[in-house]
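My questions will all concern the structure given below.
The values are calculated or read from the model by the stated rules, or taken from the named source; none is laboratory data. Keep in mind that what you see is a predicted model, and the values were worked out from it rather than measured. All Cβ positions, glycine included, derive from the backbone under ideal geometry; neighbour counts span all protein chains shown. With ligands, DNA and RNA removed, areas are computed over all heavy atoms of the protein, side chains included. Shrake-Rupley method; radii C 1.70, N 1.55, O 1.52, S 1.80 Å.
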Amino acid sequence: MRFLFFTDDHKRGTTPENRKDNFPAALERKLREVVQIARERDVDYVLHGGDFFDVPAPALSVCADFLEIFQQFPVPVFTIPGNHDLFGHNSETLPRTMLGFAARLGIVRLLERDPVYLEKNGLRVQLTGQGYHVDMDRRDPRLDYTVKKKDCDYAIHVVHGMLLERAIFPGAFYTLIEQVWDTEADFTLVGHNHLGFKATERDGKYFLNPGALARLSNHPAEMKRPVQVVIIDLGGSRPAYETVRLKSAAPGEDVLDRTRLEESAFREQRLAGYLAEVKAAGSYRRTDVRALLEEIARSEKLPPKVIQEALKRIAQAEEALMQGEDGV
Ligand SMILES: [Mn+2]
């Protein structure tokens with residue numbers, strides 16, 4: 001049984017400011033190549049790690065253009081919602097999003113904690129997924145990243161979260177691979193961190209994030225990294241995987257704007273100055289609105305239901321804003 005995994009394609013109808021080319025056209029070429037690879041490699045299933053769309057409800061024409069390509073996959077496509085797919089990072093809004101819509105029409109299938117079992121040539125594979133939610137990388141990471149293996153030969157778990165090999169700057173929300181080694185999944189396939197991480201294996205358990213299919217930022221590492229998909233083969237005597245680079249992905253320097261990189265270095269300096277002022281004004285370490293809310297709630301000792309209500313209203317506000325914006 002063979003799988004093709006890729007993630008974070010952020011389908012959208014406009015070109016991000018950091019790109020010099022026509023982003024939707026470039027993404028269309030990449031996705032057509034992914035469909036071709038799925039055919040050539042004769043995969044049985046396609047797995048997608050979330051951030052299927054760049055916003056929860058893109059314009060209808062944008063959805064139609066890209067979903068048409070997804071319909072060309074000769075096999076089922078399983079995915080999970082990423083943070084960009086949801087209004088206010090709230091998984092309850094999924095039915096009102098375009099990803100929810102595509103799933104309802106059967107163009108993609110959504111993975112959940114409740115396993116799907118796949119069988120071929122006497123091989124039984126357990127497939128689960130964990131989409132993004134407001135507590136991702138904030139609560140006990142084993143609740144999101146680990147699974148139990150039951151009645152199967154292999155287990156694959158797909159997650160949209162900030163899983164990393166080593167710690168990054170303090171104050172960021174992330175999970176380290178070493179915190180979730182006890183998962184029983186043979187393959188933990190991860191999206192969200194666009195730069196990806198080096199394939200990691202311990203005791204025959206693999207953790208893979210090949211990086212985003214889309215390059216949205218002009219971070220120097222984003223300029224250099226490969227744009228790739230992963231092929232997993234469970235048909236042999238032991239599981240195997242390989243990465244396949246996309247031929248249609250232009251070199252980073254050709255599509256990402258360096259002048260903006262210099263400008264953004266300047267902006268980052270100014271932002272750092274601004275953040276220093278925010279820190280000086282209060283003891284808050286976060287800049288994300290939800291995280292800030294949590295800190296305020298903690299310091300003010302607000303009851304959980306007040307926090308829940310505030311999170312709900314943030315999601316509603318984002319949803320209302322998006323709908324007024326024609327999904328751009
Ligand atoms: Mn993403």
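For Cα pairs less than 8 Å apart in space and 6+ apart in sequence, what is the mean separation divided by the residue count of segment 77-144, i.e. the relative contact order in percent? Walk me through the intermediate numbers first.
Values: 83 pairs, mean separation 23.0, N = 68.
Relative contact order for segment 77-144 comes out at 34 percent.
Moving on. What lysines does Lys224 reach when the alpha-carbon gap must be under 29 Å and sequence neighbours fewer than 8 apart in one chain are set aside?
Lys11, Lys20, Lys30, Lys198, Lys205, Lys247
Follow-up. Identify all lysines with a Cα-Cα distance to Lys305 below 16 Å; exclude those on the same chain that are fewer than 8 residues away in sequence.
Within the straight-line cut-off, Lys305 pairs with nothing.
Below 8 Å between Cα atoms, with a sequence gap of 6+, how large is the relative contact order for the chain in percent? Before the final figure, lay out each step's value.
Working: 621 pairs, mean separation 62.9, N = 328.
The normalised contact order for the chain reaches 19 percent.
Also: Leaving out ligands, DNA and RNA, what percent of the accessible area of the chain is carbon and sulfur, probe 1.4 Å? List each step's numbers first, then the result.
Values: 8060 of 16210 Å².
Summing carbon and sulfur atoms, their accessible area is 50 percent of the total for the chain.
Rounded to the nearest whole Å², what accessible area per residue is found for segment 2-253 with the 1.4 Å probe?
Working: 10660 Å² over 252 residues.
Using a 1.4 Å probe on heavy atoms only, each residue of segment 2-253 averages 42 Å².
Summing -39500 (n - 2.57) over the DSSP H runs of n ≥ 4 in the chain and dividing by its residue number, what mean residue ellipticity at 222 nm do you reach, to the nearest 500 deg cm²/dmol? Before the final figure, lay out each step's value.
Values: 9 runs with 105 residues, N = 328.
Here the helix-only value at 222 nm equals -10000 deg cm²/dmol.
Using only the alpha-carbon atoms, how far is helix 304-323 inclined from the longest principal axis of the chain? Give it as 0 to 90 degrees, nearest 10.
Its long axis makes an angle of about 80 degrees.
What order, most packed first, do the peptides 299-306, 66-73, 199-206 have when packing is the mean number of other Cβ atoms within 10 Å of each residue?
Numbers: 299-306: 9.6, 66-73: 16.9, 199-206: 12.9.
Going by the mean number of other Cβ atoms within 10 Å, highest first, we get 66-73, 199-206, 299-306.
For a paramagnetic label modelled at 7 Å from the Cα of Ala199 toward its Cβ, which residues of segment 132-158 fall within the zone defined by backbone nitrogen distances under 19 Å?
Flagged as within label range: 154-158.
Hey, could you grab the Kirkwood Rh for the chain? Inverse mean 1/r over distinct alpha carbon pairs, Å, one decimal. Intermediate values should be presented prior to the final figure.
On the way: mean 1/r = 0.0481 Å⁻¹.
20.8 Å is the Kirkwood radius here.
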